[in-house]
Amino acid sequence: MRNETRARYAPGSVREHIAGPVRGYYIALYAHQSSDGCAAYFKICCQQPPSYWEAACLFKGCGAALAPDLERAMLMAQAVACEALGNLPPAQRPRA
């Protein structure tokens, strides 16, 4: 399914990034370009995921609006994710 999803977009029209830790959480980000602009989505995770698509998340969301480019779309989604993180307690790390 992951490859099928990516195949719908032209090369260079998608971007994926894992940010963090932020307050002990990781933010998986994914952005894609469409004819209307660029949209981005986020997943907030307790552990660093290998990719956006494989992220086991606490919750997910999207940027506030379409953006003119992938970079701005990712920044908008990350800003919304960081705002949401402000409502969570700092993540607890498992004890060794």
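Tell me, please, whether a residue that is touching a residue at least 40 places away in the same chain (Cβ under 8 Å), surrounded by 15 or more Cβ atoms within 10 Å (Cβ to Cβ) and in a strand (DSSP E or B) can be found in segment 82-90. Among the residues of segment 82-90, not one is touching a residue at least 40 places away in the same chain (Cβ under 8 Å), surrounded by 15 or more Cβ atoms within 10 Å (Cβ to Cβ) and in a strand (DSSP E or B), which makes the answer no. Filtering Leu88, Leu58 for residues that are in contact with a strand residue (DSSP E or B) (Cβ under 6 Å, 6 or more places away or on another chain) and modelled with pLDDT under 95 leaves a single hit, Leu58. Taking Leu66, is it surrounded by fewer than 17 Cβ atoms within 10 Å (Cβ to Cβ) and modelled with pLDDT of 95 or more? So Leu66 passes the test. When every residue of segment 42-59 is checked against the conditions, none turns out to be buried (at least 20 other Cβ atoms within 10 Å of the Cβ), small (Gly, Ala, Ser) and in a strand (DSSP E or B).
The values are calculated or read from the model by the stated rules, or taken from the named source; none is laboratory data. Everything quoted here is computed from the prediction, not taken from an experiment. Note that we place each Cβ from the backbone using ideal geometry, even for glycine, and neighbour counts take in every protein chain shown.
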